[in-house]
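Worksheet: the structure to be examined is printed underneath.
The values are calculated or read from the model by the stated rules, or taken from the named source; none is laboratory data. Because the structure is predicted, anything quoted here is derived from the model rather than measured. Counting neighbours? That spans all protein chains shown, and the Cβs are built from the backbone with ideal geometry, glycine included.
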């Protein structure tokens with residue numbers, strides 16, 4: 001039998017198997033990303049699974065760095081076009097969120113150094129934590145989930161620098177260390193959990209501080225009868241945590257004092273509730289720094305492997321406009337599942 005020339009042309013025109021597989025994989029990826037980009041502004045926080053997806057939003061755009069040039073090299077015009085549009089959309093949305101915003105002018109005022117750190121209740125390197133805190137020599141320190149066994153050592157080691165030491169032993173063993181005089185203290189309730197509020201005298205001006213450790217975004221029961229890890233996925237719910245944030249903001253906006261709110265919010269910067277907080281307060285890291293600023297996990301997470309680098313920003317320092325963030329930094333690994341935050345803040349003179 002003589003092979004027809006048309007048969008030769010068809011076989012030669014078929015893309016190689018690798019290219020067809022890449023086209024399929026790229027197509028499925030771009031379909032997922034396009035669907036997410038469309039659904040986010042329409043449905044926002046209406047579905048638990050979409051809220052879960054919001055936490056990793058910037059990572060969904062990262063493969064475009066590879067997909068777009070490969071689609072162009074493969075001459076896959078449709079894939080390349082969709083990838084280009086999504087790259088532009090991602091740049092428009094993520095660019096402003098990952099670059100520092102210009103802080104308001106603060107020509108006159110009192111500067112003070114501040115630290116917030118979720119120490120982790122099972123931290124076995126508290127000596128390193130103490131040494132690091134002494135080197136930082138901040139004026140005000142808010143700690144969450146301090147290892148109770150090391151609490152006396154911490155207080156004794158810091159006594160020469162921080163005459164004010166307040167401990168909330170109701171749930172998380174949260175701690176205030178302050179050089180400034182304590183004017184007022186309060187333990188208040190958010191959704192059944194106690195948190196610390198303080199008023200400190202900073203050079204004659206009263207400033208309100210909140211030491212926060214908000215609920216993990218989970219519900220008591222799994223949504224499905226499955227035993228597939230991670231369990232957090234099947235129990236994911238932001239309802240109780242968002243209710244805490246709403247109640248906290250009500251307190252903040254009603255205050256007549258300058259306010260600093262800091263701690264472990266168990267909230268990603270890409271969760272819709274972040275925008276609600278950001279509309280009312282200044283994010284010290286985002287105002288002065290760039291990048292993801294991830295603080296979790298830091299090697300001691302019970303939910304994830306130790307080899308993972310920090311992926312989400314769960315820890316924040318927030319201020320009302322009377323307190324301007326001047327600088328901020330993410331601290332080193334210190335035996336916790338979180339990284340510490342440092343900031344220099346300026347209390348504006350009225």
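Tabulated results
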{"quantity": "Segments classed as helices (runs of 4 or more DSSP H), wholly inside segment 178-295, with at least 2 members that are more than 29 Å from residue 95 (Cα to Cα)", "calculated": "231-234, 239-254"}
{"quantity": "Selection count, segment 24-53, where residues are closer than 21 Å to residue 63 by Cα and either modelled with pLDDT under 95 or not assigned by TED's automatic domain parsing to the domain that holds residue 93 (or both)", "calculated": "0"}
{"quantity": "Failed item, numbered, when residue 139 is tested on (1) within 16 Å of residue 174 (Cβ to Cβ); (2) in contact with a strand residue (DSSP E or B) (Cβ under 7 Å, 6 or more places away or on another chain)", "calculated": "(1)"}
{"quantity": "From the options 317, 323, residue that is over 21 Å from residue 145 (Cα atoms), buried (at least 21 other Cβ atoms within 10 Å of the Cβ), in the same structural domain as residue 243 (by TED's automatic domain parsing) and in contact with a strand residue (DSSP E or B) (Cβ under 6 Å, 6 or more places away or on another chain)", "calculated": "323"}
{"quantity": "Unmet criterion (only one of (1) over 22 Å from the mean Cα position of the chain (by Cα); (2) under 15 Å from residue 141 (Cβ atoms)) for residue 187", "calculated": "(2)"}
{"quantity": "Qualifying residue in segment 224-240 (condition: modelled with pLDDT of 95 or more, assigned by TED's automatic domain parsing to the domain that holds residue 162, over 16 Å from residue 52 (Cα atoms) and crowded, with 21+ Cβ neighbours inside 10 Å)", "calculated": "no"}
{"quantity": "Test: residue in segment 145-166 that is part of a strand (DSSP E or B), touching a strand residue (DSSP E or B) at 6+ places or on another chain (Cβ under 9 Å) and touching a residue at least 40 places away in the same chain (Cβ under 8 Å)", "calculated": "no"}
{"quantity": "Number of the exception - residue 293 against (1) within 20 Å of residue 59 (Cβ to Cβ); (2) touching a residue at least 40 places away in the same chain (Cβ under 8 Å); (3) in contact with a strand residue (DSSP E or B) (Cβ under 7 Å, 6 or more places away or on another chain)", "calculated": "(2)"}
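Residue by residue, here is whether (1) crowded, with 20+ Cβ neighbours inside 10 Å; (2) outside the structural domain of residue 323 (by TED's automatic domain parsing) holds:
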| site | (1), (2) |
| --- | --- |
| 79 | yes, yes |
| 90 | no, yes |
| 93 | no, yes |
| 114 | yes, no |
| 118 | yes, no |
| 128 | no, no |
| 137 | no, no |
